[in-house]
1. Can you tell me how many residues within region 95-123 are over 20 Å from residue 59 (Cα atoms), assigned to a helix (DSSP H, G or I) and open to solvent by 70 Å² or more (accessible area, probe 1.4 Å)?
2. Can you confirm whether region 261-277 contains a residue that is buried (at least 23 other Cβ atoms within 10 Å of the Cβ) and either more than 29 Å from residue 422 (Cα to Cα) or more than 12 Å from the chain's Cα centre (by Cα) (or both)?
3. So for region 300-323 (the condition being of a type outside the set (D, E, K, R), at pLDDT 95 or above and on the phi > 0 side of the Ramachandran plot), does at least one residue qualify?
4. Taking only region 534-561 into account, find how many residues are free of Cβ contacts under 8 Å to residues at least 60 places away in the same chain, open to solvent by 20 Å² or more (accessible area, probe 1.4 Å) and either under 19 Å from residue 363 (Cβ atoms) or touching a Cys at 6+ places or on another chain (Cβ under 8 Å) (or both).
5. Please name all residue pairs, on different chains or six or more residues apart, with Cβ atoms under 6 Å, provided the first residue is in region 173-202 and is of a type in the set (Ser, Thr, Tyr) and the second residue is buried (at least 20 other Cβ atoms within 10 Å of the Cβ).
6. State yes or no: is residue 332 open to solvent by less than 20 Å² (accessible area, probe 1.4 Å), among the small types (Gly, Ala, Ser) and closer than 13 Å to residue 591 by Cβ?
7. With the requirement that a residue be open to solvent by 40 Å² or more (accessible area, probe 1.4 Å) and assigned to a strand (DSSP E or B), what does region 490-520 give you?
8. So which residues in region 434-470 are charged (D, E, K, R), surrounded by 16 or more Cβ atoms within 10 Å (Cβ to Cβ) and outside any helix (DSSP H, G or I), if there are any at all?
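The values are calculated or read from the model by the stated rules, or taken from the named source; none is laboratory data. Just so it is clear, the structure is predicted and the values come from calculations on it, not from any experiment. A quick note on method: Cβ atoms are made from the backbone with ideal geometry, for glycine too, and the neighbour counts reach across all protein chains shown. Areas reflect the complete protein model, heavy atoms only, side chains present, ligands, DNA and RNA absent. Shrake-Rupley method; radii C 1.70, N 1.55, O 1.52, S 1.80 Å.
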Amino acid sequence: MKSQQRPYIILTIITTLTLNLIISGCQKKHQTKLAEKTQIKTVLQQNMGEEENKFQERSLAIRQKLAAIDLEELDTWWRKKNIGDPHKYLLPVILARLSLEGEPAGQLYNQEKTWKILLQLDKDKPSLYHFRSYLDVRIFFLFRDKMPSEILTSYKNQLELPKVRQWIKTGTENHMFMQRASGLGLMDGSGWPVGVPGVQATDEAWLRSELNKFLTIGQGEFHSSSYYGYSIGGLLNLYDFARDPELKKLAKALLDWYATNMALRLSWGTAGGAESRGFDRNTWNSGLSAVAWMWWGDGTEVAEKMRNGRARLALAPALSTYRPPEHLRALARKQVPLPFKLRASHPIYYSYSQGNGLWENFYITQDYSLGTLLEPTRSYQVEGTIREQYATYKLVVRDPNSKNNAVVSLAGTYHGAQATGRSPGDQYVQEKGAVIFQLILNDRDLQAGVPGRSHLVLPKRYGEPTKYKDWYIWRIENIWLCARPWGDEVNLQIPVSEKYKDYQAMVAKGRKTAWVTDVARVADVGDFESLKQALDKTKVDDSKWNSQGRLNYLSLTGDRIVMTYEQDGAIGDAVINGETRILENWPVLESPYAKQELYSGLLEVDDPNLGKWQLRGKLTGPEWE
């Protein structure tokens, strides 16, 4: 019997030893993972501490810059000119000066005079309006214990009849974010009774509907370099000063959505890609990039160069406790693997149910970003429309010195010579750095006075192009811009206009004009001789352009792009690498680093080092994972 049990005993011993080894190995792996996580957490905390110190340095720099503006001169100026929205110009200086109390720079300013100017401003311009609200409410909460009693009373009056009703004013999207988010922050955070309780409920309901819209179909005023900072300023009031935790969560969710879209397209200080209501040609010098610099910038020298009208958009973020999710920092700074492509869709402006109404392509490398926008209507409206404020083609070329990026546009000139705005017949197709553009005027275009010309606009400082066969070529920093135009006449216009003296335009004239543009990195292609060899391998087939409006192009990266112009429509038929372009049900965002499926209610960000971050919209409110 004992001899029969011996194999089982040996097997038991072996099994026990094996299990012990496995358990020991698992424990070691677990301990290693815990150590790695602890190390990552420690490094992250150290980095966040360093980032916060740098943030505070930028905050002080922007406040000192704005405080130094002559406030008394501004006060005289608006009265003499009878400016309709003086708070827009005076409040940034007032808030900056008040915020410096206790700082060495604060000793330069007489705070009593500052309060007197604010009080008189309220008496002479008592109405509540959007450009007043987003900084006015911040002044109240930051200094309510220090302000003169007469000014405190004026704020209390904002929640009493008849003024309280002004907190539900309508307007453009950014107007409503400034007014309603700021008003809701004041109503919830002040502790004062609200003269009309329905006003508070209305503002909250609107903000919740906006979050639902953003997380399902996107935004009408998407990636606006002109107005993002104003909307964000209003939301920061709600985030910083609301007492209700649910309202703070609502503000945070909206701010996180804004920050994600900014981080995705930010191109080294320029708002890259397509825009609704703006065309950023600057470097750290637009409303959007002023906020982005405050969140993700480096150094304080940018504050010195930023125009006052842009710097004021950085003030609310500079004084806020809100910080974007850490997962966005590397993306905003483009410290993630490049290149990457983004596909996006947007609703028509103001729509809350009709998604997938505009379509965006975006491509970014280490040296440039390129974006195009498709809009579905051949519209001739020039008043009461934002079509003239669309950026439908924007190439941003990185300045290696981080001072002055080059920005290039390509479009018809219905709304101006700068090739911005949605001209009625403009049609695009993009794949990576290559674009086919066409503008073929129909009879209705001619009757509406649509100009028979299209412009490729770029900074004058890069000189005239070099001609190679049918290509016009510019070396812009570390990229080659290659352009092949069609038209009855093609010439160079320097400058592009009296207003824009620093820009030149390559002009194609005629009832039928078209362009192929292709962008290549010098690092990929090499010198000019190598570029010529690469261009010789591309293929342009325009044999059916005159008869059918069809152009066929094999690009520098080997992509086959075919476009057939839609004579009476707004979007041409396109085939990319053998696949027909289908616009139905495009995602709100689709890229390696940020995703949001149409109608999904879920925004996902994936950082190569930190992993995934999610924002989900639910009936009970936003949730993060």
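1. Residues meeting the conditions: 5.
2. no
3. no
4. 4
5. 182/133; 182/134; 182/137; 182/234; 182/237
6. no
7. Of everything in region 490-520, those that are open to solvent by 40 Å² or more (accessible area, probe 1.4 Å) and assigned to a strand (DSSP E or B) turn out to be 490, 491, 492, 493, 509, 512.
8. The one that is charged (D, E, K, R), surrounded by 16 or more Cβ atoms within 10 Å (Cβ to Cβ) and outside any helix (DSSP H, G or I): 453.
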